[in-house]
1. Among the strands (runs of 3 or more DSSP E) contained in the stretch 1-78, which hold 1 or more residues that are crowded, with 21+ Cβ neighbours inside 10 Å and at pLDDT 95 or above?
2. Can you work out which of the residues in the stretch 79-125 that are in a strand (DSSP E or B) and without any contact (Cβ under 8 Å) to a residue 60 or more places away in the chain is surrounded by the most Cβ atoms within 10 Å (Cβ to Cβ)?
3. Kindly list the number of the only condition in (1) within 19 Å of Y87 (Cβ to Cβ); (2) more than 18 Å from the chain's Cα centre (by Cα); (3) hydroxyl-bearing (S, T, Y) that fails for T192.
4. Which condition breaks for L45 when tested against (1) within 11 Å of the ligand (Cβ to nearest atom); (2) within 15 Å of E104 (Cβ to Cβ)?
5. Hey, does the stretch 176-189 have a residue that's in contact with an Asp or Glu (Cβ under 9 Å, 6 or more places away or on another chain), assigned to a helix (DSSP H, G or I) and open to solvent by 30 Å² or more (accessible area, probe 1.4 Å)?
6. Tell me, please, whether a residue that is in contact with a Pro (Cβ under 8 Å, 6 or more places away or on another chain), away from the ligand (no atom under 14 Å from the Cβ) and open to solvent by 70 Å² or more (accessible area, probe 1.4 Å) can be found in the stretch 158-166.
7. Could you check, for the stretch 76-83, whether at least one of its residues is of a type in the set (V, I, T), within 11 Å of the ligand (Cβ to nearest atom) and in contact with a His (Cβ under 9 Å, 6 or more places away or on another chain)?
8. Which of the residues belonging to the stretch 21-55 are in contact (Cβ under 8 Å) with a residue 60 or more places away in the chain and in contact with a helix residue (DSSP H, G or I) (Cβ under 9 Å, 6 or more places away or on another chain)?
Amino acid sequence: MELLFASHNINKIAEIQQMLPSGIRLKGLSDLGWETPIPETGETLEANAWIKAEALFQKTAANCFADDTGLVVEALDGAPGVYSARYAGPEKDASLNMAKLHKELQNKTNRKAKFVTVIACFWAGEKHQFIGEVHGEILEEAQGNKGFGYDPIFMPEGYRISFAEMEASEKNKISHRGRAFQAFLEFINSQTF
Ligand code: IMP
């Protein structure tokens, strides 16, 4: 069967395809000839994930899903949260985003933060939601050069290295996205298709 993913990100699509059972073929938006991004106008991660999943389901009525991720910083009342990608501006630049976060956290002793991923899914016409979280803290100095986004300044709880110092396979086991997809995959594997 086919499973549709409301994303244009070919790296994400390839990564998720590898995790899926062999009977499922994953297709992204470009595979459907859908070139325009779906506007993320929601004020929460859940809202944005559902906006994207609903747009795709309305067009196709197929099994489909969308995801949305954000970094939630306790001392900043949850910012950057749903605005994580464009925190420092529309160019979605990771270095500028990290610099802005450091500036906002100046003089704050509470460095606690978490990454959250929400997956919104339509399966056999019914809605299902999966959430993954990883708690940690924001480092004062960037460490490591693997990964992307805020990885160099996020140290997960129980570790003394940042996400950017971990191998991808190690990060995936404990990350927000890894955990949300583990829950989603358990659900898929429990379904007959
Ligand atoms: P998206 O919803 O997966 O596109 O993620 C939104 C934004 O959150 C990204 O542009 C990154 O800034 C940040 N982000 C998401 N996942 C990660 C991660 O695993 N490490 C670091 N930053 C991330």
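1. On the way: elements: 2-5, 25-27, 64-73.
Result: 2-5, 64-73.
2. Of the stretch 79-125, the ones in a strand (DSSP E or B) are 80-81, 112-123.
So of that shortlist, the ones also without any contact (Cβ under 8 Å) to a residue 60 or more places away in the chain come out as 80-81, 112-113.
Numbers: P80: 21, G81: 17, K112: 13, A113: 25.
The selected residue is A113.
3. Condition (1) is where T192 drops out.
4. L45 satisfies all of (1) within 11 Å of the ligand (Cβ to nearest atom); (2) within 15 Å of E104 (Cβ to Cβ) except (2).
5. yes
6. For the stretch 158-166, residues in contact with a Pro (Cβ under 8 Å, 6 or more places away or on another chain), away from the ligand (no atom under 14 Å from the Cβ) and open to solvent by 70 Å² or more (accessible area, probe 1.4 Å): absent.
7. Kept after step one, since they are of a type in the set (V, I, T), are these residues of the stretch 76-83: 82.
Pick out the ones that are also within 11 Å of the ligand (Cβ to nearest atom) and you get 82.
Now restrict to residues that are in contact with a His (Cβ under 9 Å, 6 or more places away or on another chain): none.
Taking every residue of the stretch 76-83 in turn, none turns out to be of a type in the set (V, I, T), within 11 Å of the ligand (Cβ to nearest atom) and in contact with a His (Cβ under 9 Å, 6 or more places away or on another chain).
8. Within the stretch 21-55, P21, I24 qualify.
The values are calculated or read from the model by the stated rules, or taken from the named source; none is laboratory data. In this text the structure is predicted, and so the values were computed from the model without any measurement. When we count neighbours, we look across all protein chains shown, and the Cβ atoms used for this are built from the backbone with ideal geometry, even at glycine. Side chains are part of the model used for accessible areas, which takes the heavy atoms of the whole protein and leaves out ligands, DNA and RNA. Shrake-Rupley method; radii C 1.70, N 1.55, O 1.52, S 1.80 Å.
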